[in-house]
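This report concerns only the one structure given below.
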Amino acid sequence: MERRVTAGAGGAPAGDGELLTIGAFARACRLSPKALRLYDELGLLTPERVDPHSGYRRYAPAQLERARLVAWLRRLGMPLARIREVCALAPNAAAAEVAAYWAGVEADTAARRDLAAFLVDQLSRKDTVMTGPSTPVTMRCAALTDQGLVRPAHQDAAHAGPRLLAVADGYGPGGDLAATAAIEALKDLEHQDLTSADLPAALEEAARRAHRTAPSAGEATGSTLTALLRSGTQLALLHLGDSRAYVLRDSGLFRITHDHTWVQSLVDEGRLTPEEAASHPQRARLLRALDGATDFAPDLQLLQARPGERYLLCTDGLTSVVPPETIQDVLTAADDPGLAVRELIRLTREAGAPDNVACVVGELTAAEAAA
């Protein structure tokens, strides 16, 4: 491919004697010749001169600084598209972009570390369940909702029972009815004698019925839904939207749902940091919900629980103003689920309560201890 000869560092075309071969340039900047060819093809690091006959690349010494920056950014794991953006910026702006990228990496690493710990614990429990005796358990639970201090209407709903925990966050002109209908669609599950194998399908079918009755897309009304259904120590989790479920175990507090929001998708793609997402003007824009405008596509999983664990289901009216560390402290210190939900609502109101809030806390307890 024919290339234009660019000016050297002095403003005039550089002579071959001043240029570095691709091998010498690779050694100087610690990038392999293969990587240099790739970066050339991507327009990220274009050689100073390419021989029109042999295609042999030569680089100017002045290009070493950019090449070393590319090498360092690749060592950080930065995607090539973002490296191109950084290299086009002035030094101060480039420094800010690198800092923002690394903040995102650290947040993602922390989240993955917590997820890894949760999965290790969860998978270990499955092996124990297959080989060890089961412990009869029951569920102590409590639910509480609050309109908050700003919203003119209350559109959150919640349910807490010995087999079913659920929260729903309605939106749009009929959001209160949508949230209530979502909870009502699940309540019959409290009275069904289900085995652990039946739990996910039963929970999904009940939620599907709620979705079928959701308002049409033109009405811009719907609801989130997050629910746990229990049989013994097995818990089926169903999740749609940006309400959340957490579990408090000996090793800490873990979030076991993933927000179905447009902003979260940008975080997942590396286009936003979690800190930027928290204040984004469209952070409430949902990608999945019980809504005529969206397909029914819930997250479903089966969890193995143990006595002593506490589960929190809540709408974003809580998590948008109360940090996870405080939530963990409340769930750890409260003597029972009722005290926990009341304290969480109190903290939400203390923080200004800009949204409705719903909290459900369930604590798995050995049957003999509860007797």
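Selection of helices (runs of 4 or more DSSP H) fully inside the range 294-371 by the criterion of at least 1 residues being within 23 Å of the chain's Cα centre (by Cα) and among the small types (G, A, S) returns 316-319.
Restricting the range 279-293 to residues that are of a type outside the set (D, E) and not in a loop (DSSP other than H, G, I, E, B), the residue that is farthest from E204 (Cα to Cα) is L286. Only strands (runs of 3 or more DSSP E) wholly contained in the range 142-259 count here; list those with 1 or more residues that are touching a Phe, Trp or Tyr at 6+ places or on another chain (Cβ under 8 Å). Answer list for the range 142-259: 164-171, 225-231, 234-240, 244-249, 252-255. Looking at R255, R288, just one residue is buried (at least 17 other Cβ atoms within 10 Å of the Cβ) and either touching a His at 6+ places or on another chain (Cβ under 6 Å) or not assigned by TED's automatic domain parsing to the domain that holds G170 (or both), and that residue is R288.
Filtering the range 264-281 to residues that are of a type outside the set (V, I, T) and touching a helix residue (DSSP H, G or I) at 6+ places or on another chain (Cβ under 6 Å) leaves L272, P274, A277, H280.
Looking at A334 and the list (1) touching a residue at least 60 places away in the same chain (Cβ under 8 Å); (2) surrounded by 14 or more Cβ atoms within 10 Å (Cβ to Cβ), which single condition is not satisfied? The number of the failed condition is (1). Among the candidates T319, T348, T273, T294, the residue that is in contact (Cβ under 8 Å) with a residue 12 or more places away in the chain, under 30 Å from L194 (Cα atoms), of a type in the set (S, T, Y) and surrounded by 17 or more Cβ atoms within 10 Å (Cβ to Cβ) is uniquely T294.
For the range 81-99, filtered to residues that are surrounded by 14 or more Cβ atoms within 10 Å (Cβ to Cβ) and hydrophobic (A, V, I, L, M, F, W, C), the residue that is farthest from A245 (Cα to Cα) is C87.
Take the conditions surrounded by 23 or more Cβ atoms within 10 Å (Cβ to Cβ) and in contact with a Ser or Thr (Cβ under 6 Å, 6 or more places away or on another chain) and apply them to D242. Does it pass? Yes; evaluated as a whole, the condition is true for this residue. Residues in the range 35-76 that are touching a strand residue (DSSP E or B) at 6+ places or on another chain (Cβ under 9 Å) and without any contact (Cβ under 8 Å) to a residue 12 or more places away in the chain: D51 only.
Take the conditions (1) at pLDDT 90 or above; (2) over 13 Å from the mean Cα position of the chain (by Cα); F254 misses just one of them, which is (2). Taking the criterion of being surrounded by 15 or more Cβ atoms within 10 Å (Cβ to Cβ) and either within 27 Å of the chain's Cα centre (by Cα) or among the polar types (S, T, N, Q) (or both), the residues of the range 50-80 that qualify are Q63, L73, R74, M78. Taken over the range 71-116, the residue count meeting the criterion of being among the aliphatic types (A, V, I, L, M) and outside any helix (DSSP H, G or I) is 5.
The values are calculated or read from the model by the stated rules, or taken from the named source; none is laboratory data. These numbers come from a predicted model, not from an experiment. Please note: Cβ atoms are built from the backbone with ideal geometry, for glycine as well, and neighbour counts cover all protein chains shown.
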